[in-house]
Structure formats: C-alpha cells, structure tokens
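Visitor: Here it is, the structure in full.
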Amino acid sequence: MKTSLSDSLFSLILPLLIVLSQPSSLTAQSTTGGQPSAAQRATPFAAVPKVEFEKYTLPNGLQVILHVDRKLPVVHVNQWFHVGSKNEQAGRTGFAHLFEHMMFQGSKNATGEYVSYVEKAGANLFTGGVNGTTDNDRTNYFATVPSANLEYLLWLEADRLATLPDALTKEKLDNQRDVVKNERRQGLENQPYGRAFTLLVENLHPKGHPYSWSVIGSHEDLTAASLEDVRGFFKTYYTPNNLSLVITGDFDRAEAKRLIEKYFAGIPAGPALDRPARWVPQLDGEKIVEVSDRVPQERVYLAWPSPPTFEAGDAELQIASAILTDGLSSRLQKVLVYDRQLASNVFSFQNSNEISGLFGVVATARPGAQLAQIEQLITDEVARLTTSGPTAEELNRVRTKIEYGFISGLERIGGFGGKADRLAKYNTFLGDPGKFEEDLARYRKATTTSVRDAVGKWLNTRNRLLVRFHPETSGRESQVTLDRSPPPSIGADKAFTAPEVKTAKLENGLHVFVVERKELPKVAVMLTTRAGAVSDPAGKEGVAHLTVTTIDLGTRTKNALEIENALGDLGTSLSGSAGRETSNLSFQVLKPNLAPAFSIFADVVRNSVFPESEVAREKKIHLDNLAQQANDQNALAARIGDMLLFGPSHPYGRPRTGLPGTVAPVTRTDLARFTKLIGNPEARP
C-alpha cells in the first residue's frame with residue numbers, strides 16, 4: 001500500500017468522504033484509430049474531457065493561452081520559458097537554475113522578495129500556491145491567487161520580465177549563489193545516493209552533450225558566474241518570444257487580454273534562438289561505474305539511452321517501466337522484493353526529455369544480498385519483455401492506471417500535471433496546447449507487440465550503464481515605456497459558495513459525507529479514524545504506520561497479489577497514512593469502476609488478516625527504510641525535533657514510524673488490534 005504521513009486529517013470519528021464526478025460542462029471526446037484488440041482491453045476507455053482554450057500571439061512573440069474554469073474564485077498564472085540546463089555551456093553549468101532563484105529576488109518596481117508581493121495578493125507558499133522549477137528543457141514560474149488579483153499578479157510578472165536585469169546586484173547574486181550551493185550540498189552531496197543521477201548523466205552522455213551535466217551545476221561553475229553572465233543569460237532567454245503564458249481559472253477573457261496587452265505588449269522581443277538538435281547517445285558496450293559512499297546498503301542503477309519525449313517508443317517504455325516496478329505484482333517488485341526478498345525496494349522510470357531520454361531501473365539490496373544476483377534478475381526480466389512482451393492483462397492494468405492519472409490531472413487548474421501545466425508543456429514542445437487526446441492516445445494505442453519491440457530496441461546490455469553504490473569503508477571522495485512603478489490595488493475576494501455536503505449516519509455509527517462535483521468522471525473515497533501514532537503501545541511505536549502499510553496484504557478470501565491485481569485492473573490502488581492522532585485509508589477511481597473498487601476496499605477494511613509472512617516481509621522493508629533514514633539529515637531533524645519539542649515521554653515526542661527497537665517486536669496481533677479502531681465506529685484509542 002502507498003503510505004504517507006499527514007496530520008491534516010479529519011478529526012471526526014470514521015468519516016467517509018466520497019467525491020463524485022461525471023462529465024457535464026466539459027465535452028467528452030473519443031479517441032479513434034489504432035486501438036488495441038478487445039482481448040488486450042478488458043475495460044472501455046473513459047471519455048477525455050475537452051479542455052477549451054484560446055491561444056494567440058502578441059507582436060513581440062509572447063504566446064498566450066487562456067482557459068476559463070469557474071469552479072473556484074481563483075486564477076492561476078503559469079509561465080514556461082523554453083530554456084533549461086541544456087542551453088548552458090560547459091564551464092557555465094547551473095545558470096538556468098541559478099537564474100530561477102534570481103527571479104525571486106525582486107524587480108525594479110517590486111524591490112523586495114517576489115514571494116512577499118505574491119503572498120500579499122493571496123498566494124500560499126506552503127500549499128504550493130507559488131513556486132518555480134527548472135529542468136533540462138524549460139523553466140517555469142506559477143502562482144495561484146484570488147480572481148480579483150489577476151491584474152496585480154500580471155503586473156508583478158511583467159515587471160520581472162521587463163526590468164529584472166536593472167534590479168540585479170552582485171549582493172543578490174552572491175546571496176543566491178550561496179543558497180544554490182547549499183541546496184546542492186543538502187540535496188546531492190549529503191544525501192544517501194545523492195550523487196547517483198549526476199553520475200548517470202555524466203557517464204551516459206558524451207562530453208559536450210547538453211544533458212551531460214546536472215541541472216543544479218557544479219560548485220566551480222557557480223563560483224565563476226559573474227553578474228554580466230547572468231544578465232546575458234536573461235537577455236537571451238527571458239524574452240517574450242521564448243515564453244508561453246498560461247492563465248487558467250475564474251476570469252473574464254476580454255479583461256485578461258486587455259491586461260496582457262497593457263503589461264506585456266511593450267516588452268521587446270529577444271533574439272531568435274537556435275534549438276539543440278535531437279541527440280540520443282550511444283555507448284560503446286556496457287559501462288560500469290563503482291562508487292564508495294556513505295550509504296547504508298548497496299544499490300545498483302541500470303540506465304539506457306532512450307527516445308525523447310513524445311517520440312515513438314517513449315510511451316511504450318513508460319508502460320514497460322510500470323510493468324517492471326509499479327505495484328507489488330509488477331515483475332521486479334514480485335521477484336526481488338516479494339518472493340526472494342533480495343531488495344528492500346526497486347523502481348524504474350522513463351525520463352524523456354526534448355532531445356533524448358534516459359530509462360533507468362534502481363534496486364537497493366537488503367543486507368546480505370548480492371548485487372550481482374539482483375542485476376542478473378533485472379537483466380532476465382528485461383530480456384523476457386524483449387522476447388515475449390507483456391501479457392494482455394499487464395498492459396491493460398498499466399494503461400488503466402495511466403488513463404486514471406491523466407484524467408485526474410484535469411481536475412486541477414494548476415499544479416504539476418494540472419491543466420495549466422499541460423497546456424504550457426504541449427505548447428512549448430509541440431507548438432499546440434491542445435494535444436491532450438493525442439498524448440493519451442499514445443498509451444491507448446500501445447500493444448503487447450509495440451511494447452516488446454520498444455524494449456528490444458532500447459534496453460539491451462550493449463548500450464547499458466551500471467552504477468553500483470557500496471558502503472564506504474575508508475575516507476570519502478570528496479526598453480519599456482509603460483510606467484510600471486505603481487502596482488495595481490489588491491482586489492476584494494469574490495464571494496464563494498462551497499459545494500453542498502450531504503450527510504448521513506449509518507446504523508453502526510459511521511458518519512458519511514458526500515460532495516458531488518460534475519467536471520470529471522472520477523470518484524474519491526476516504527475513510528478516516530481518530531486513532532494514529534499516539535495509539536501505539538509503548539515500546540511498539542510504529543504500529544499505526546505498519547497497520548496502514550499492511551492492511552491490504554491479505555483478507556479472508558484474497559491474498560496480497562490477488563488484491564493488488566484486482567485493484568490494478570480497475571486503475572487504482574489503496575493509499576494509507578498514519579498521523580499523530582488520525583489514520584486514513586483511501587482510493588480514487590474512474591466512475592465506471594467505482595462499484596468493484598468499493599467492494600475490494602470494504603473487504604480490506606473489514607476482513608484483513610495480516611498474514612505472518614506478509615507482516616514479516618513488510619517489517620524487514622520498514623527496518624531497511626529506517627536504516628536509510630539514519631543517514632538522511634531531514635528525517636533525523638524531524639525525528640529529533642519532535643522529541644526535543646514535546647519530550648520523549650509525550651505522545652507527540654515518540655517517533656511516528658517507530659525505531660528499529662520498537663518495530664522489531666511488533667506482531668500481527670498488534671496490527672489486528674489497531675485495525676479494530678478502524679473498523680469500529682464506536683472505538684476510541
């Protein structure tokens with residue numbers, strides 16, 4: 001089961017929250033052509049809601065995309081600049097990411113930190129309402145504010161674009177250079193396996209390849225960056241003709257156009273840009289890199305060059321990745337983690353970028369397991385996909401999950417994978433914001449044969465990189481005419497009417513809450529109980545966490561793999577979290593699959609049996625994870641912080657996920673006892 005820690009749960013006794021969605025105002029469309037056979041598709045495709053938008057281009061090259069969504073009185077502005085680390089030069093790496101930081105340091109007429117201005121307009125930094133990110137190919141900036149403050153936000157964004165070079169100072173550069181260096185130390189150098197991805201890209205790509213360095217850059221290059229370097233980078237890439245500006249949410253299109261004309265039209269275009277050409281690297285045989293580092297367990301990374309995003313084979317390799325490692329019944333999870341218990345975790349990915357891609361498989365060895373054996377089992381499973389391809393059941397299961405994730409993302413106006421994000425992505429890389437159906441069709445059209453052929457073409461041992469991490473035993477290697485100065489006034493919040501909440505109480509005391517929304521064919525179900533880590537027996541801290549982790553690993557009529565496969569066929573899985581005082585179990589599913597998914601959910605909640613073998617296996621994995629956390633400064637700080645803040649004897653001072661000494665004695669009886677708090681509406685911790 002997927003788990004997470006959260007304290008922001010409902011405090012009512014066992015409330016069941018159901019959110020129902022179905023198509024209404026959004027027009028449903030069907031995908032045609034190239035469909036798999038009926039034998040390969042067990043359930044019908046859901047209709048893809050149409051995302052209505054308007055795109056136009058200003059004379060200075062700025063591409064504007066507008067999408068109205070009035071569910072909430074908020075508006076989201078998302079800017080994608082078509083520049084990332086691949087546009088840097090050797091010796092000047094890290095510029096794209098460094099400049100992302102500089103964009104938050106204030107502009108000519110908004111002289112303080114950007115975040116203070118946008119928070120004044122109603123954005124919430126701590127809930128993801130404002131941020132910026134950089135990757136290989138693009139840099140984006142986004143914020144969500146109340147609808148009344150659209151003009152203020154557009155003024156703020158245009159001022160950054162028009163005047164930032166005038167506001168850059170050496171003091172700001174030095175400050176953010178140090179921040180980025182510290183970010184590198186914390187995220188790469190002082191994290192277990194933190195150097196892994198840098199080693200992958202450096203060794204998979206030839207010298208000079210735009211993807212052969214990390215997005216964050218090197219200490220040496222960051223130190224060498226001058227103020228003129230940074231200003232030159234801005235004048236080249238931070239221009240209207242290199243920007244997609246997306247506005248989604250509750251706004252008037254005519255008014256938005258007027259504001260965009262007012263604030264952005266006078267910003268001059270920049271130089272025409274040459275885009276790096278497609279460049280998929282080729283290795284001269286298998287390459288192996290051995291690394292000694294401060295890591296708790298051995299780990300191996302297997303990586304292959306792969307196709308760029310949206311190219312032939314990209315979707316098939318994403319499907320292959322899920323078949324290999326997504327879920328307990330996936331091929332490598334089953335053989336390495338479940339059956340043979342050689343690895344504490346295994347995962348894979350198809351990291352497709354604009355000019356090339358990288359496919360990877362990562363496995364962390366359990367104490368005593370041999371990397372050579374793990375590598376061979378991974379090689380064997382990849383080879384089996386090459387010769388036989390996936391089964392029709394595997395393909396259907398993965399496609400259903402992908403379809404759910406894709407449609408679910410259309411629920412959000414912003415955020416990663418939300419509507420603004422996709423409109424900007426499609427426009428930046430494909431030149432057309434409306435590629436929703438075409439994107440999803442890549443997965444719907446995939447067949448067992450096309451997946452087999454893609455794996456055979458790209459994932460062979462002759463073009464493979466292996467990076468092995470071993471625990472170290474000794475020393476470590478170490479011109480605008482508009483007056484932008486007066487900001488628009490902050491507007492009054494629009495009236496908002498919350499959706500109706502229908503309530504009921506079952507005879508057994510269960511409180512039921514139903515909220516109906518009609519935009520998407522999706523249903524979300526959550527069951528919450530007022531019992532969390534504070535209910536753990538003394539000396540057995542971690543019981544609540546282990547309960548929500550193992551509750552779906554066996555019922556009176558189904559074993560763990562049967563439950564996993566049944567849920568996977570419906571495109572869903574169960575999630576669980578244990579906070580301090582509450583625990584919850586939940587799932588989300590497309591509406592046609594609600595009834596069978598709910599039946600499985602109820603079976604798990606009412607009839608879980610916690611098989612001894614499953615509990616033992618999950619305890620081993622959890623103990624391995626705790627060992628890794630001992631080398632993670634963030635995890636240690638959180639654990640020690642609670643203890644120091646509340647005291648070791650206070651219920652809030654005890655470790656929510658336990659310690660090795662408290663997890664080891666936990667038995668299936670302890671888990672079954674905690675489950676009674678979940679299954680009984682009248683129970684109290």
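The values are calculated or read from the model by the stated rules, or taken from the named source; none is laboratory data. Keep in mind that this is a model prediction, so the values were computed, not measured. Every residue, glycine among them, receives a Cβ derived from its backbone with ideal geometry; neighbour counts consider all protein chains shown.
Visitor: Mind counting the residues in region 563-595 that are in contact with a strand residue (DSSP E or B) (Cβ under 9 Å, 6 or more places away or on another chain) and assigned to a helix (DSSP H, G or I)?
Guide: Initially, region 563-595 is screened for residues in contact with a strand residue (DSSP E or B) (Cβ under 9 Å, 6 or more places away or on another chain), giving 563, 567, 570-578, 582-591, 593-594.
Next, from what is left, pick out any that are assigned to a helix (DSSP H, G or I): 563, 567, 591, 593-594.
Residues flagged as in contact with a strand residue (DSSP E or B) (Cβ under 9 Å, 6 or more places away or on another chain) and assigned to a helix (DSSP H, G or I) within region 563-595 amount to 5.
Visitor: So which of Glu228, Glu261, Glu255, Glu202 is at pLDDT below 95, among the charged types (D, E, K, R), in the same structural domain as Glu100 (by the TED database) and not in a loop (DSSP other than H, G, I, E, B)?
Guide: On the way: Glu261 fails: at pLDDT below 95; Glu255 fails: at pLDDT below 95; Glu202 fails: at pLDDT below 95.
Unique residue meeting the criteria: Glu228.
Visitor: OK, next. Being surrounded by fewer than 17 Cβ atoms within 10 Å (Cβ to Cβ) and either among the β-branched types (Val, Ile, Thr) or in the same structural domain as Arg299 (by the TED database) (or both) narrows it down to one of Thr582, Thr557, Thr572, so name that one.
Guide: Numbers: Thr582 fails: surrounded by fewer than 17 Cβ atoms within 10 Å (Cβ to Cβ); Thr572 fails: surrounded by fewer than 17 Cβ atoms within 10 Å (Cβ to Cβ).
Only one candidate qualifies: Thr557.
Visitor: Let me ask another. So if I check each of Leu164, Leu98, Leu150, Leu156, which one is at pLDDT 95 or above, in a helix (DSSP H, G or I) and out of contact with any strand residue (DSSP E or B) (no Cβ under 8 Å at 6 or more places or on another chain)? Give the steps one after another, and end with the answer.
Guide: Numbers: Leu164 fails: at pLDDT 95 or above; Leu98 fails: at pLDDT 95 or above; Leu150 fails: out of contact with any strand residue (DSSP E or B) (no Cβ under 8 Å at 6 or more places or on another chain).
Only one candidate passes the filter, namely Leu156.
Visitor: From (1) out of contact with any Leu (no Cβ under 7 Å at 6 or more places or on another chain); (2) assigned to a helix (DSSP H, G or I); (3) over 26 Å from Lys425 (Cα atoms), pick out the condition that doesn't hold for Tyr117.
Guide: (1)
Visitor: Check Leu671, Leu645, Leu636, Leu626 and return the single one that is aliphatic (A, V, I, L, M), closer than 18 Å to Glu581 by Cβ, in a helix (DSSP H, G or I) and in the same structural domain as Thr557 (by the TED database).
Guide: On the way: Leu671 fails: closer than 18 Å to Glu581 by Cβ; Leu636 fails: closer than 18 Å to Glu581 by Cβ; Leu626 fails: closer than 18 Å to Glu581 by Cβ.
After ruling out the rest, the residue left standing is Leu645.
Visitor: So, one more: Does region 131-151 hold any residues that are surrounded by 23 or more Cβ atoms within 10 Å (Cβ to Cβ) and either of a type in the set (A, V, I, L, M) or not assigned by the TED database to the domain that holds Asn242 (or both), and which are they?
Guide: Ala143, Val145, Leu150
Visitor: If we scan region 260-282, do we find a residue that is surrounded by 12 or more Cβ atoms within 10 Å (Cβ to Cβ), touching a Lys or Arg at 6+ places or on another chain (Cβ under 8 Å) and within 25 Å of Leu358 (Cβ to Cβ)?
Guide: Checked region 260-282: at least one residue is surrounded by 12 or more Cβ atoms within 10 Å (Cβ to Cβ), touching a Lys or Arg at 6+ places or on another chain (Cβ under 8 Å) and within 25 Å of Leu358 (Cβ to Cβ).
Visitor: Does Tyr238 satisfy the condition of being within 30 Å of Leu66 (Cβ to Cβ) and surrounded by 17 or more Cβ atoms within 10 Å (Cβ to Cβ)? Please lay out each step first, then the result.
Guide: Details: within 30 Å of Leu66 (Cβ to Cβ): yes; surrounded by 17 or more Cβ atoms within 10 Å (Cβ to Cβ): yes.
In short, yes.
Visitor: Quick test of your reading of the structure: Glu541 fulfils all but one of (1) more than 17 Å from Leu671 (Cα to Cα); (2) buried (at least 17 other Cβ atoms within 10 Å of the Cβ); (3) out of contact with any strand residue (DSSP E or B) (no Cβ under 9 Å at 6 or more places or on another chain). Name the failing condition by number.
Guide: Just one mismatch for Glu541, condition (1).
Visitor: Quick one: Gly285 ticks every box in (1) touching a strand residue (DSSP E or B) at 6+ places or on another chain (Cβ under 9 Å); (2) farther than 30 Å from Asp159 by Cα except a single one, so which number is it?
Guide: (1)
Visitor: Here's a check for you: in region 111-130, which residue that is within 21 Å of Leu168 (Cα to Cα) and of a type in the set (S, T, N, Q) is surrounded by the most Cβ atoms within 10 Å (Cβ to Cβ)?
Guide: Here the residue is Ser116.
Visitor: Identify all residues within region 332-341 that are part of a helix (DSSP H, G or I) and either crowded, with 23+ Cβ neighbours inside 10 Å or polar (S, T, N, Q) (or both); write none if there are none.
Guide: Restricting attention to region 332-341, the residues satisfying the condition of being part of a helix (DSSP H, G or I) are 332-339.
Result: Leu332, Gln333, Leu336, Val337.
Visitor: May I ask you to list the residues in region 62-102 that are β-branched (Val, Ile, Thr) and more than 25 Å from Pro268 (Cα to Cα)? Please lay out each step first, then the result.
Guide: The initial filter retains those residues of region 62-102 that are β-branched (Val, Ile, Thr), namely 64-65, 68, 74-75, 77, 83, 93.
Val68, Val74, Val75, Thr93 - these are the residues of region 62-102 that are β-branched (Val, Ile, Thr) and more than 25 Å from Pro268 (Cα to Cα).
Visitor: Kindly indicate the residue of region 585-605 that is of a type in the set (Val, Ile, Thr) and within 21 Å of Thr557 (Cα to Cα) and also surrounded by the fewest Cβ atoms within 10 Å (Cβ to Cβ) among those meeting that condition. I'd like the intermediate steps shown before the answer.
Guide: To start, the set of residues in region 585-605 that are of a type in the set (Val, Ile, Thr) comprises 589, 600, 604-605.
Imposing the further condition that a residue be within 21 Å of Thr557 (Cα to Cα) reduces the set to 600, 604-605.
Numbers: Ile600: 20, Val604: 23, Val605: 17.
Within region 585-605, the match that is surrounded by the fewest Cβ atoms within 10 Å (Cβ to Cβ) is Val605.
Visitor: Criterion first (at positive phi and either assigned by the TED database to the domain that holds Ala123 or not aromatic (Phe, Trp, Tyr) (or both)) does Gly409 satisfy it? Can you show your working first?
Guide: Values: at positive phi: no; either assigned by the TED database to the domain that holds Ala123 or not aromatic (Phe, Trp, Tyr) (or both): yes.
Here the answer is no, as Gly409 does not meet what is asked.
Visitor: Within region 583-623, can you find the residues that are farther than 21 Å from Leu570 by Cα and among the hydrophobic types (A, V, I, L, M, F, W, C)?
Guide: Result: Val609, Phe610, Val615, Ala616, Ile621, Leu623.
Visitor: Moving on. Ala531: small (Gly, Ala, Ser), in a helix (DSSP H, G or I), in contact with a helix residue (DSSP H, G or I) (Cβ under 8 Å, 6 or more places away or on another chain) and over 15 Å from Leu594 (Cα atoms), yes or no? Working first, answer last.
Guide: Values: small (Gly, Ala, Ser): yes; in a helix (DSSP H, G or I): no; in contact with a helix residue (DSSP H, G or I) (Cβ under 8 Å, 6 or more places away or on another chain): yes; over 15 Å from Leu594 (Cα atoms): yes.
Spelling it out, it is not the case that Ala531 is small (Gly, Ala, Ser), in a helix (DSSP H, G or I), in contact with a helix residue (DSSP H, G or I) (Cβ under 8 Å, 6 or more places away or on another chain) and over 15 Å from Leu594 (Cα atoms).
Visitor: Considering only residues that are over 14 Å from Thr223 (Cα atoms) and either of a type in the set (Lys, Arg) or outside any loop (DSSP other than H, G, I, E, B) (or both), which ones fall in region 84-95?
Guide: Matches in region 84-95: Ser85, Lys86, Asn87.
Visitor: Could you pull out every one of the helices (runs of 4 or more DSSP H) wholly within region 407-473 that has 3 or more residues that are among the polar types (S, T, N, Q) and modelled with pLDDT of 95 or more? Talk me through it step by step, then tell me what you get.
Guide: Values: elements: 419-430, 436-444, 448-458.
So the answer is 448-458.
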